[in-house]
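Here the structure is laid out as structure tokens; the discussion comes afterwards.
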């Protein structure tokens, strides 16, 4: 071709005096291949785009076809083999001249304003081809620069031409000789501006994606594109890190145990504390996907090919990790977390009181939910501080968690939408308990809870409750609140056995909850004896977790069997004829009632047990307040097959139409501001 190169293979050998030709090694499995070539022209054609032409040839003697790719700001925009014929490339006995390439990059694909935005690299090694001598010579540059941050996942610094401070220089980053990024250093650096360096727009901050592997050695070069000079300190070498194995742990233990003075131990604690903070910060950066977010923002800022935007992130906070076999609150929380995933959120969870175990974390991760837990994240505040600004929404399950963490969330993540989820209104439950049990001291506690819950409602962007009754009460108390009734999904259960093959009456509950304990006592002492008078063969099954001794001893009463926690509750419910929910106080929606209907069983209940549910006549007909009426309904449903099956079908239809996944997802979407709702309206 008869033209000299202005760029060396490494982009660093260029100078104003000499432009030597370049050869770029491209090793195959035998290590015997090499490629030579040039970019001859990079020309803008108005109305069409950018025309790039050049050549690339394998000089190993195998006549292998070389594939090249066009990069625009380091992102591939075109690819193809260098196989076009050019007479000037014919070398008798060595090359047949079929080594040229030519691309036309549409302006819509690469809206560049300068040839410097483009590179051509060989594949698969991404070795850059040099630019030919017909490219204009670059005027002398008075270079001043610094690399401030260099790591396996990020390169940042600044570069400036003191002779032309109004101009902006380009930066090229190579890893192990392969070009990975090329950008214009025009990011604002306030520190440069404040120290008299013009407008300060000489910075660059480049995430490396994926981050460099820690298992192998790497060499990173940061180069000025206009001069080919390395920036100060470049190239940077990263040695492979040693594995964190038992030998290393033993070495650390021995070192620490050998500290004999208080001053040395204090120094060690300061060092370990700083390293722990650094590890947690690094983990927080990974967990928060900050690198992916920065890549997306950098692409948008530079006008480059966009990396897909990261999903919105939502953090759920509850006292402990949810367990659907433990209580209704766990079922509701899991349902809402799965609905948030269906809405496109990246869902995370942290426990505020009882740390999540590895087993419970694994169960959440199977559902695609990230679970934060010790030792990395020992508490909620540390997580919010380390991942400041990285969540789009925070869901506080139970108003007690909202009361504790709302102000911290506003401080560390001011842009997040704050949602308070009401499992049930604690003040309402305690107030009713005080009336039933005749305990005036509970009224004081109820008043305190009322104030806390109303304050949390007022401070939240939105409040989620399962009960329409509680939504009305909160709306009256806090008229400015945005309150949403969001049910939880109750999956359909297998149909029960035929009526003649089923026996017994079941009460299913978590007995650590005061309303359930009271209901079990009332059932065994007053209601079940009336049932036995009319239906002597009746058997009562007490099922559930956290049973105190007073419940266990009920197994000594005639006709009562205490089963405790049952691993296959669905299978057991298929064998009983009816369930009963005789709650005299409480709040919220009762899972035991909904689960019975989902299993195709009739449920005899008090008005308290179905509060907040709008029931059809077939189901409301199974509701009674007195022990006598509850007993009569239970006996009737145990004996009357036609009536029992009609009630079962009505309950099954209610669950299928009111508590399906689509209803939950739509309702939650409105509360989160993602469906037919302006997310900013409640701010």
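Derivation of every value follows stated rules applied to the coordinates shown; laboratory data play no part. All of these numbers come straight from a predicted model, not from anything done at the bench. No Cβ is skipped: glycine too gets one built from the backbone with ideal geometry, and neighbour counts run over all protein chains shown.
Remarks
- Bridge orientation summary for the chain: considering DSSP beta bridges with both residues in this region, about 60 percent are antiparallel.
- From most to least packed by mean Cβ count within 10 Å, the peptides 496-504, 198-206 give 198-206, 496-504.
- Listed values (1) 36.9; (2) 43.8; (3) 32.2, entry calculated as mean projected area of the Cα convex hull in nm²: (2)
- Hydrodynamic radius by Kirkwood, which averages 1/r over all alpha carbon pairs of region 246-287, in angstrom: 11.6
- Taking Cα atoms only, the orientation of helix 641-658 departs from the longest principal axis of the chain by about 30 degrees.
- Percent RCO, i.e. relative contact order, over the chain, from Cα pairs under 8 Å lying at least 6 residues apart: 8
- On Cα atoms only, tilt of 426-437 relative to the major axis of the chain in degrees: 20
- As an equivalent ellipsoid, region 379-499 spans semi-axes of 28, 23, 14 angstrom, where each value is the square root of five times an eigenvalue of the C-alpha gyration tensor, largest first.
- The radius of gyration of the Cα set in region 143-238, together with its Dmax, comes out at 13.3, 43 angstrom.
- Sorted on the mean count of surrounding Cβ atoms within 10 Å across their residues, most packed first, peptides 547-557, 96-106 read 96-106, 547-557.
- Relative contact order, percent, region 23-131 [alpha-carbon distance under 8 Å, six or more residues apart]: 28
- For the chain, the 222 nm mean residue ellipticity estimated from helices alone, with every DSSP H stretch of n ≥ 4 adding -39500 (n - 2.57) and the total spread over all residues, rounds to -10000 deg cm²/dmol.
- All-pairs alpha carbon distance profile, region 443-591, 10 Å steps from 0, percent: 10, 30, 28, 20, 11, 1
- Distance from region 508-554 to region 399-445 (C-alpha centre basis), Å: 29
- Fraction in percent of alpha-carbon pairs per bin - 10 Å, region 462-513: 18, 26, 25, 20, 10, 1
- Helix 290-302 and the longest principal axis of the Cα set of the chain meet at an angle near 50°.
- In terms of its Cα atoms, region 505-605 spans 30, 27, 25 Å along the principal axes, sorted from long to short.
- For region 23-131, the Stokes-Einstein estimate of translational diffusion at 4 °C and a viscosity of 1.567 mPa s comes to 91 µm²/s, using the Kirkwood hydrodynamic radius over alpha-carbon pairs.
- Highest-first arrangement of 46-52, 667-673, 323-329, where packing means the average Cβ count within 10 Å: 667-673, 323-329, 46-52
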